[in-house]
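This report concerns only the one structure given below.
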Amino acid sequence: MDQAIVMKTEASTAANAPASTTGIRLTSLILTVAGLFYLYQAIELPMGDPPGTGVGAVPVLVAVCWVLFGALVTVRNRGVSADLGPWPRGSAALRVGVAFFLCVMFIVGLPFFGIFLTTGIFLLLMGRLAGAPWTSAVVLSAATPVAFWIVFSLGLKVSLPFGSLLTVIFRG
Amino acid sequence: MDLLGNMLGGFAVALQPVNIAAALLGALVGTATGVLPGLGVLGAMAILMPITIHFSAVTGLIMLAGIYYGAMYGGSTTAILLRIPGESGSIVTTIDGYEFARKGRAGAALMICAVGSFIAGTISIVGLSLFTTLLADVALRFSSPEFCLLALLGGLTLVRITGNDPAQNMVMLLIGMALATIGVDAVSGDTRFTFNTSTLALGFDLVPVALGLYGLSELFHVLASNEGFPRATTVRLREMIPTRREWSRAWPAIVRGSGIGFLIGLLPGPGSLTSTFASYGVEKAIARKHRDEFGKGAIEGFAGPEAANNAVATSALVPVLSLGIPFTPNVALMLGALIVQGIQPGPLLLSQHPNVVWGLLASMYIGNVALLALNLPLVGMWVRLLRVPQYTLIAFIFAVSFIGVYTMRNSYWDLCVLVGFGVVGSVLRQIGFDLAPMILGLVIGPIFEKALRETLFLSGGDLTIFVTRPISAVLSALCVVAVVGPTIAVWITRGNRLSQQS
């Protein structure tokens, strides 16, 4: 019986840069500010009688702890962990940005173009972005929506959106 | 006799064709997840969770459990052959398992791991059947203060043990708990933090949040790093069958690892990783003849940890099935799946929904046998899975995630949450924040809040109720130990070192 051993391929991470302490502090600061906003909203809620039984009690408790620990992480200097991954730069960052844009376009397009067209175009572009040859990307984008239709619509009896534009065009 | 009757009832549920198919599908997906480095078990569970809600509760739970323990099986394959842990629980296996494979015994190592995982899984399922019943009986004496403290203990332990920085973990846990408060309050029915919008009144569902944090963020990371999955080349491996000497060294380690894993799985915290290191430490400590081999391919160095890793996957279900409190993000997702199905986990789960609990337990026997059958003859196929083009996986997982989340509630808001948390998760991971506490916070937040408010209502706002009731007092003490224990341990170690130096 044939079995397998594996050869490791080289990873291409040259275009990336390491994360910094500033990044940790900045993120913690943003999270702390978010915690302060949450606290500001929470203290408007009733604390209940006896105290602690109202809808605002736990949010206030959570918010106070959130702000305190967030501030602690922000002000102290622990240095950067050695196993932190690198930040994407250049073409790597562009790929992530385009992937995010495609995700947003999927959400925007789904109500208008429906599941078939939106998923097909999304898979075609995402496949190309991830490095698929045109032929593979086209096959992937054509086959997957059909597979989804079989699994979700026929198998699980879930109604998938047909799309308002396509409804107007095909169903009047 | 009750146990036997319940198990027979469970098998009647588990042997239904749809449930057998769910166990097999879960085990297949789980093994694939374990084999493929990158996409973790939590991500895989989150991806399939929207699909599981279209089935009955027991079928969905069987599928998720299959993914969970299947990943533990599959993780050892890449750890041994590639020195890449498919799962965090396989990190220890990369040490001696890989070295053992380099000696030309890769096939034997895989066989030992597969059989060890099967034995550990089986032992652990028997333990799970017994412990769940016992603990559920004990838990019937628990009231709001105990549940409040149990939820707190689970959160605090995870915060203390995972990642590098407890303070960062605490922030993540609290953000998760805060997210859980958005929407309709389960106790009073009032809305909170909705800014008069109907979308925020829906709250943050666990599935899009978990899938965004673990699934999408991983895909963004893969796109950013552009790392290909390792490439497999097939060769003949004739040495699948371990020698008698290798077996005689492996099986005691497997039994010990099973016991260690089962016990650690019952405790709060990341049991998978902890148990493998504990098992490795025990094996190294008690080794007499072969201690020098540790780090260079000792059989005990991977047989024990792999067994422990699989035992944990099963025993970690005990707290969630008997108490309704998840101690790890993986079982938190399973608890979330139950809640989505309208089933409230807790001590009454066994009496109110016996078919769910016993059906799940019985299905794990079936799944365990299926995994042995999948892993031994099909090792070659699993490793070839690494040859599937990365772009296919990336595009497919993106699309499955979107469609799965959308079909849950036909909600575009959930899709926005998915993408939003995908971006947030990517950034936080890159910065070095551990995301597991946030998931746990989102699940235990409502449990903690409900229990705390009920407790304070019962006691008239008197907080001493947490120390005047015997079980509460013990749990309060454990919470204190969870917070200050590791710090004190570090001080003592440092003090001993200084005194030795001086």
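Table for the structure above
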read-out	value
Residue under evaluation residue A:51, criteria (1) open to solvent by 40 Å² or more (accessible area, probe 1.4 Å); (2) under 30 Å from residue B:187 (Cα atoms); (3) within 8 Å of chain B (Cβ to nearest Cβ); (4) at pLDDT 90 or above, criterion not met	(4)
Failed item, numbered, when residue B:208 is tested on (1) part of a helix (DSSP H, G or I); (2) open to solvent by 10 Å² or more (accessible area, probe 1.4 Å)	(2)
Residue under evaluation residue B:410, criteria (1) more than 7 Å from chain A (Cβ to nearest Cβ); (2) at pLDDT 85 or above, criterion not met	(2)
Out of B:421, B:457, B:466, B:448, sole residue that is at the interface with another protein chain (Cβ under 8 Å from one of its Cβ atoms), under 22 Å from residue A:62 (Cβ atoms) and in contact (Cβ under 8 Å) with a residue 24 or more places away in the chain	B:448
Selection from the stretch A:135-146 of residues that are at the interface with another protein chain (Cβ under 9 Å from one of its Cβ atoms), more than 21 Å from residue B:225 (Cα to Cα) and not hydroxyl-bearing (Ser, Thr, Tyr)	A:140, A:145
Search result, residues across the stretch B:274-296 that are crowded, with 22+ Cβ neighbours inside 10 Å and out of contact with any Pro (no Cβ under 6 Å at 6 or more places or on another chain)	B:275, B:283
Which numbered condition residue A:72 fails, given (1) open to solvent by 50 Å² or more (accessible area, probe 1.4 Å); (2) at pLDDT 90 or above; (3) more than 7 Å from chain B (Cβ to nearest Cβ)	(3)
Those residues of the stretch B:83-101 which are at pLDDT below 80 and either buried (at least 24 other Cβ atoms within 10 Å of the Cβ) or over 21 Å from residue B:70 (Cβ atoms) (or both), in sequence order	B:83, B:86, B:87, B:89, B:90
Residue check, residue B:51 surrounded by fewer than 24 Cβ atoms within 10 Å (Cβ to Cβ), under 24 Å from residue B:321 (Cα atoms), among the aliphatic types (A, V, I, L, M) and in contact (Cβ under 8 Å) with a residue 12 or more places away in the chain	yes
Failed item, numbered, when residue B:79 is tested on (1) open to solvent by less than 10 Å² (accessible area, probe 1.4 Å); (2) modelled with pLDDT of 85 or more	(2)
Single residue of the stretch B:138-195 satisfying the filter (modelled with pLDDT of 85 or more and open to solvent by 50 Å² or more (accessible area, probe 1.4 Å)) that is nearest to residue B:326 (Cα to Cα)	B:152
Residue match in the stretch A:107-124 (condition: open to solvent by less than 10 Å² (accessible area, probe 1.4 Å) and closer than 16 Å to residue B:390 by Cα)	yes
Any hit, the stretch A:1-24, residues being modelled with pLDDT of 90 or more and among the β-branched types (Val, Ile, Thr)	no
Condition check for residue A:138: β-branched (Val, Ile, Thr) and open to solvent by 40 Å² or more (accessible area, probe 1.4 Å)	yes
Residue list for the stretch B:364-384, restricted to those being at the interface with chain A (Cβ under 10 Å from one of its Cβ atoms), closer than 24 Å to residue B:62 by Cβ and in contact (Cβ under 8 Å) with a residue 60 or more places away in the chain	B:382
Residue list for the stretch B:342-376, restricted to those being open to solvent by less than 50 Å² (accessible area, probe 1.4 Å) and either touching an Asp or Glu at 6+ places or on another chain (Cβ under 6 Å) or of a type in the set (Phe, Trp, Tyr) (or both)	B:358
Of all residues in the stretch A:110-134 being in a helix (DSSP H, G or I) and over 22 Å from residue A:149 (Cα atoms), the one that is farthest from the other protein chains (Cβ to nearest Cβ)	A:134
Count of residues meeting criterion [open to solvent by 40 Å² or more (accessible area, probe 1.4 Å) and either modelled with pLDDT of 80 or more or over 23 Å from residue B:52 (Cβ atoms) (or both)] in the stretch B:377-390	7
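The values are calculated or read from the model by the stated rules, or taken from the named source; none is laboratory data. Just so you know, these numbers come straight off a predicted model, no measurement behind them. Cβ atoms come from the backbone with ideal geometry, glycine included; neighbour counts cover every protein chain shown. For the accessible areas, the whole protein counts, side chains as well, though only heavy atoms, and no ligand, DNA or RNA atoms are used. Shrake-Rupley method; radii C 1.70, N 1.55, O 1.52, S 1.80 Å.
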